[in-house]
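Accompanying notes for the structure given below.
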Amino acid sequence: MTYRTYLLVALGLFLGCQSEPEVWEKSRGLEISVFKDYDGGKPYVTTLYENFGKDTIEKIRYELILETKGHFDTVLKEIVPPKLLRPKDRHSVPRHIGEDTIAADYVHVGQVWAVKKK
């Protein structure tokens, strides 16, 4: 094969292997719950997620709202379930070693988006 043939084959493989862009959309049946929890006297955020809807979910993105003395900060968080989140599934986000403690007085959830399995 010539150099040009190799280049065309490589380009074809590259274009053929590209995945579709993720489509984030609101999922009415997806619920995220967050609360301030103490572990060993230190405050952490505990996150629970549950699928009440009919969609199978691949990824979740939500707004975590932190309230400290009347001041609100919003952080965008993402959850990638270890396996697909099917209807009626409920899980908690595991706490990782070295995870930062939370300084906020209260935590809330804002908007929630999901990538649904097609």
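Quick notes
- Taking the range 10-51 as the range and being of a type in the set (A, V, I, L, M, F, W, C) and modelled with pLDDT of 90 or more as the test, the residues that pass are TRP24, LEU30, ILE32, VAL34, PHE35, VAL45, LEU48.
- Answer from LEU64, LEU76 - the residue that is closer than 20 Å to PRO21 by Cα and either at pLDDT below 90 or in a strand (DSSP E or B) (or both): LEU76
- So LEU7, is it in contact with an Asp or Glu (Cβ under 7 Å, 6 or more places away or on another chain), on the phi < 0 side of the Ramachandran plot and at pLDDT below 90: no
- Applying the criterion of being assigned to a strand (DSSP E or B) and free of Cβ contacts under 8 Å to residues at least 60 places away in the same chain to the residues of the range 32-42, the residue that is nearest to LYS117 (Cα to Cα) is ASP37.
- Per the listing PRO94, PRO82, PRO87, the residue uniquely surrounded by 12 or more Cβ atoms within 10 Å (Cβ to Cβ), outside any strand (DSSP E or B) and not hydroxyl-bearing (Ser, Thr, Tyr) is PRO87.
- Listed by first and then second residue, the pairs linking a residue in the range 83-100 that is polar (S, T, N, Q) to a residue that is modelled with pLDDT under 85, with Cβ atoms under 9 Å apart and 6 or more places separating them unless they lie on different chains, form an empty list.
- Looking across the range 54-63, just one residue is crowded, with 17+ Cβ neighbours inside 10 Å and more than 11 Å from the chain's Cα centre (by Cα), and that is ASP55.
- Taken over the range 48-100, the criterion of being basic (Lys, Arg) and in contact with a Ser or Thr (Cβ under 6 Å, 6 or more places away or on another chain) is satisfied by ARG86 alone.
- VAL23 being assigned to a strand (DSSP E or B), out of contact with any Lys or Arg (no Cβ under 7 Å at 6 or more places or on another chain) and not polar (S, T, N, Q): no
- Candidates in the range 44-61 are the residues that are assigned to a strand (DSSP E or B) and touching a residue at least 60 places away in the same chain (Cβ under 8 Å); of these, the one that is nearest to VAL109 (Cα to Cα) is VAL45.
The values are calculated or read from the model by the stated rules, or taken from the named source; none is laboratory data. Computed from a prediction, not measured in an experiment: that's the story for all the values here. Please note: Cβ atoms are built from the backbone with ideal geometry, for glycine as well, and neighbour counts cover all protein chains shown.
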